[in-house]
Each structure stands twice: as structure tokens, then as C-alpha cells.
1. Has the stretch 373-383 got at least one residue that is more than 13 Å from the chain's Cα centre (by Cα), surrounded by 19 or more Cβ atoms within 10 Å (Cβ to Cβ), assigned to a loop (DSSP other than H, G, I, E, B) and at pLDDT below 90?
2. How many of the residues in the stretch 147-166 are at pLDDT 90 or above and either outside the structural domain of W195 (by TED's automatic domain parsing) or part of a loop (DSSP other than H, G, I, E, B) (or both)?
3. Could you tell me which of the residues E585, E552, E564 is without any contact (Cβ under 8 Å) to a residue 40 or more places away in the chain and under 21 Å from T652 (Cα atoms)?
4. Out of (1) farther than 22 Å from P454 by Cβ; (2) in contact with a Cys (Cβ under 6 Å, 6 or more places away or on another chain), what's the single condition that is false for V536?
5. Looking at the stretch 155-181, which of the residues that are aliphatic (A, V, I, L, M) and out of contact with any Lys or Arg (no Cβ under 7 Å at 6 or more places or on another chain) is surrounded by the fewest Cβ atoms within 10 Å (Cβ to Cβ)?
6. Of the conditions (1) crowded, with 18+ Cβ neighbours inside 10 Å; (2) at pLDDT 95 or above; (3) under 30 Å from A113 (Cβ atoms), F473 fails just one. Which one is it?
7. Which condition number in (1) assigned to a loop (DSSP other than H, G, I, E, B); (2) modelled with pLDDT of 90 or more; (3) surrounded by fewer than 19 Cβ atoms within 10 Å (Cβ to Cβ) is the one that P406 fails?
Amino acid sequence: AVGRLSYTLYLWHWPVLVLAEARFGTLGWPARVALTAASVLPALATRHWVERPLRHSRTVSELPRRGLALGVASVVIPVVLALVVGTTTLKLLGPATPVDLKGLPPGAATGPALLARTGAQAGAQAGDGPIVPNPVQARQSFPPDGACEVAPAVTSSPPCLFGAVDSPDRVVLLGDSHAGQWFSPLLSLAAERGWALQELVKQGCPLPELSVVNPQLGRAYHECDTWRADSLARLAEGPKPRLVVVSSLNRYTDDERALLRGWERTLKPLRALGVPIVYVEDTPVPGRDVPACVSGHLADPDACAFDRKKSRWPDPLARKAAAGGLPGVRSISVNPVLCPASGPTCPAVLDRVLLYRDDTHLTDVAAVVLAPRLERLLTEAAGVGTRDGWTTLLDEEFDGPGGSRPAASRWLYDKGTCYPGCPAAQWGTGEIETMTDSTENVRLDGEGALEIVPTRRDGRWYSGRIESRRSDFAPPPGGVLRIEASIALPDVSGAAAGGYWPAFWTMGAGLRDGYTGWPATGEIDVMESVNGRESVFGTLHCGTLDGGPCEEPVGLTSPRQKCEGCLGAFHTYAVEVDTASGAEEVRWLLDGRVYHRVKASATGREAWEEALPRGQFLILDVAMGGALPTADGATPGPATEPGHPMRVDRVTVSTREGAS
């Protein structure tokens, strides 16, 4: 009986599985087995009411031509029905015409949303309207790079130059098809700056030096090794690029140590070029045919969301680059918007943009929408120049859900009461709080600002202090370094503000080498305020611990600057380190007005060179008590109120080249 049913069951189980996966997405084996078992019912019905009556029909068996006509009709009718149903389905899925992005808001450069909300669009829901691209268009939403993403059998990339091909400046895009995803955004970035874009991309070829088997070739992928060596050799021969952007699928091996070793071998000759290298962290891998799933869920694309943990493997290169373990290599990621950390799944459609063209690659539409964000990240990481002559090294807007932490890729916490080894107790200032990494003390407010909040428990004070991971913020030779923040001071005054000490400042990179050597390593206090006064001041520390060119321990301090409205309201505090020949100085600015200067001639050449041109890291904190508030006449006491935050709306660091 089973044998007689097997062919009919075979015919039925396949469409059942296909239709179920079109409706519900990729199914696991238990569901597939259950559906195959369920296919027995229509198979039995077909055998009983169709197959057996036709086989034993005297009308059909008496004349062969009737049987032949029935057979032809059995073929033609399903084909016609398939064409009709298929055409109807394509109409429902949408046309395969080129994608029109005019109905979409522009991509957001910052924040948790994929699309910008500006002007008349501010109140609109990005989810209103059709999915773009539709599932049919998504299949063809490839980067427009022609034949530059070379096939497995090819061992050398063609001379793929785009944009201003005669420009002496060029960006190199290097890696596999997951690097190729970023062709359109990088072409836009290069075109805006009058640069060329060179693409060196090979299908299925890991950029880290790993031995892999290519499934298309069915053997070890020797062509990949040859292509990788050829690409690196071509870059070494010159001319030197302005920027190298690398990326690769993060799934060629689950051995993190082997993966990191492979990356280090590939990055060694790239680092020798002496140009910025930016690693774009791999995007989530859905592991399912996303357009097929979305085609069955046009009214509810959230049903096609996929597991966050399975789609994002650990990335040892991103971790090491973010920690500064590979000088010259920066890591950036668009994954916080593609797959927010707030839930267990990643979306297939976000702000009505269909993100994936298959089970692993972004649609080119998604890449184009991400272009403003990618440009901002590249600008921060590599300092690709802006039109007005300033190069942005950091542009932090503290976007994220309320109560979450600032980005770990850019900020780290100081904890306790001193640096490791405690070279200076109570942070060297006599302040009495304990710094923590708790979100009670350091958190995002959900509206684009950072809050640092002093708290008091059981008579003890706690607060927050964060530092930039980068410590290489320095002026270019003969140029200017500008460090700026928009800050609202704690909205508290009088006795309730006794001991409050909010500050935005920098320390010289050399301090992180054992946390000793201050003040010779340099310190620039961009903004300080104490005890809830409506005034601020700036200071330069350098030279020797007692006296010296910077008059330590007080430092070269500005007069107090009246700042009405600074408590609770945002004002801009900035410092500029100018190394132009004959005009070397540090300038302090409040809301764009210069109020204090320290010239290199005042510190002497030796102290200036040791403190300022060698790189700085940033610090934001609210201390409680210490020498400065005490000298101002107040200390934390019973009347001091906890819970008043310093709010930071934005921090930027930029440089400008000197006159040639």
C-alpha cells in the first residue's frame, strides 16, 4: 500500500513544503517532517478519487487517443494555471522595474532609525507605504560595479576604477562580496570629494589569510590565495591610496584565534602602506531567503525577522581594533541600526526598506540608504576630509535607547577612586566619590544626550567618568586640533550644589603608559565649573609637578567666565590647539567666543612638545568634592543634593591642515 501511494505522496509533499515556506519562512526539520506526513491526506484523496478512477476508466482505455488527449490536457492545464497564478503573484509582489527611492526619506547619519526624520517627514511614519525594494526587485538589487566582483576561477581583479579616475586621491575597497556591498556608498563618498574608487573584490574569498574549500569549484580555493596575494602586491606597488576599506564575511571559520591570525597576516602589508585602514564589521547573516519570506508576508514583514545571536558571530578583529590593538586600523559597524540590541531578533525589513537580497547580502537599496551613516563613521574613523577644510575625527551624538550605555567602541569607564595601580589616590584631586559603570551614574537619556549623575547611598557618593578609547587626537603638523562639546551643566545651585565639579577635559596619551608622568604628559581642561556657580574656566597643565612653565599644580588658568543660563541649558565649550608656525597657541572658546589663550612661548618649547602634539584622549565626568570646590568655598555636605546630571549633547573632534 505504501509503495502504491509513494509517487502521489512525492507529487504532493513538494508544493506543500514550498507554499509553507513562502508563507512562514524557512522551516526546521521537525516542521518539514510534519508537513510531509500531512501530505499523506491529499495523496490518499488523489489516489482514491483521481488516480484509480482514471486508471480503470473504460472510456479512457477503449481508445488510445482519449488517453493521449487526457495526458496532454494534464500537462497543459497546470502549465497555464501556473503562468496565470505566477503572473498574478508577480503583480502582488511588485514589478521588477528599477527601484525608485524618491518616496523614501533620506538615510539617517546618526540615531537608532534607518531613515532620517526631518522637516515635513518628522511626524510621518517611515512604515507607511510599500516595501522598497519589493521582493522581485530585491533579487536584482546588486551593487552597480559591473564585472569587478570577480568569479571564483579568476585570480586577478581587472583595473576597476570609478569616479574621478584621474584623481591622485583614491579609496580602495578590498574583500569578498560582503565588502562589495559597500560599493555604492563608497562611490558616493569618493565622488563628493573628487576622488577615485578602486574596487578589489572576489566572490567567496576570505580577506583574512585562511585556507577554505570553494563549493562551486569543489576543492581547495587556491585561486583565492593567488588573488589575495596579487591584490596586496598591487597596492604595495602604489600609488598610495588615501584610505583602504576592508570587509569580509565573518563565517569562513568559527576558530576565532585562527581568524585573527589570518587577519593579522593580511593586514601587515596593508598597515605598511601608512594609510588609514577601516574595517567594516560584517553585517548580520539571516540564514534564510529573505525576499521569499517577505513575499509571503507583505502585510507583516516582521514575521521574517531572524535570530540575532545566530546571525552575528563574534568578531575578534572588531574587538581588537576597537581596543587599539592594531595601530592604524579602525573598526566601524552599521549593525546597531540593522540589528538593534534591544531584542532577540534582527529585522528583515526596517523603515519599509527590504534589507537583504538573499540569505546573506544587503540589497543595494539598503546600502544606499546607509551611505550617510557609513560616511559619518568613516569620517570619524579615518578622517576623510570635509569640504570646508576640517576633517572630523569624532562626532558623537549619544544616540540610543534611554537608560543604555554609551558606545563601547568609542568610550571606556574609569572606575573606583584611582587608575590601575593607584598612582594617585582620589584621582589625584582629593575628590570623594567612587566612579562606577552603573547606568545609575552614566547613561543615555534616549533623546540624544549623555547623562553623568552623582548619586549618594548610605552616606557615600558615586558618580561617573568616561574616557574616549582613542588617544591619538592631535593636530597635524602646522595645523589645528579642535575639541568641542555641547554641555548642560547640572541644574543645581547654592548649598544644594556644594562640592559639584563637572568637567570636560583631555589628558596626554602618554599617561596611559603606566598612568604616571603627569603633568608633563599634558592636560587641557576644556571646561570646568564648581559648586553650581554660573561660571566656567579653562586650564592648561604641563611641565613639572611643582611650579614650572605651567605654574603647577594650579596650571595656566583662565579668569572665571560668567555663563548665565549654563545651569541646565546647553552651551558650546571648545579648545583649539594651533601649531601654525609663529602662531602656536591653545585657545579656549565659550559659544564661539575666544576667552583665553596660552602661547607656546609661555610654556617653552620642551614642555609644549611633550604635552600637546603627541595625542590626547577625552574625559567627561562629574566629581564630588576635592581641592578645587574646597578652594571655591564649598564641600559636599548634608545639604548637597544628589541626582543632578551633567548632560552632554554632542562631542566633536576635528583637525585642519596647516597652510602648505
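The values are calculated or read from the model by the stated rules, or taken from the named source; none is laboratory data. The structure presented is a predicted model; accordingly, all values stated were derived computationally and were not measured. Cβ coordinates were reconstructed from backbone atoms using ideal geometry, including for glycine residues, and neighbour counts include every protein chain displayed.
1. Restricting attention to the stretch 373-383, the residues satisfying the condition of being more than 13 Å from the chain's Cα centre (by Cα) are 382-383.
Restricting the remaining residues to those that are surrounded by 19 or more Cβ atoms within 10 Å (Cβ to Cβ) gives 382-383.
Next, from what is left, pick out any that are assigned to a loop (DSSP other than H, G, I, E, B): 383.
Those still in the list that are at pLDDT below 90 too: 383.
Yes, the stretch 373-383 contains at least one residue that is more than 13 Å from the chain's Cα centre (by Cα), surrounded by 19 or more Cβ atoms within 10 Å (Cβ to Cβ), assigned to a loop (DSSP other than H, G, I, E, B) and at pLDDT below 90.
2. Matching residues across the stretch 147-166 total 12.
3. On the way: E552 fails: under 21 Å from T652 (Cα atoms); E564 fails: under 21 Å from T652 (Cα atoms).
Sole residue among the options that is without any contact (Cβ under 8 Å) to a residue 40 or more places away in the chain and under 21 Å from T652 (Cα atoms): E585.
4. (1)
5. Our first condition is that a residue be aliphatic (A, V, I, L, M); within the stretch 155-181, this holds for 161, 164-165, 171-174, 179.
Of the ones still in play, those that are also out of contact with any Lys or Arg (no Cβ under 7 Å at 6 or more places or on another chain) are 161, 164-165, 172-174, 179.
On the way: L161: 15, A164: 16, V165: 12, V172: 23, L173: 29, L174: 25, A179: 26.
So, considering only residues that are aliphatic (A, V, I, L, M) and out of contact with any Lys or Arg (no Cβ under 7 Å at 6 or more places or on another chain), the one surrounded by the fewest Cβ atoms within 10 Å (Cβ to Cβ) is V165.
6. If we test F473 against (1) crowded, with 18+ Cβ neighbours inside 10 Å; (2) at pLDDT 95 or above; (3) under 30 Å from A113 (Cβ atoms), just (2) comes out false.
7. Status for P406: all satisfied but (3).
Conditions (1) within 18 Å of the chain's Cα centre (by Cα); (2) in a loop (DSSP other than H, G, I, E, B); (3) among the hydrophobic types (A, V, I, L, M, F, W, C), marked per residue:
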{"residue": "V245", "(1), (2), (3)": "yes, no, yes"}
{"residue": "A258", "(1), (2), (3)": "no, no, yes"}
{"residue": "R261", "(1), (2), (3)": "no, no, no"}
{"residue": "A321", "(1), (2), (3)": "yes, no, yes"}
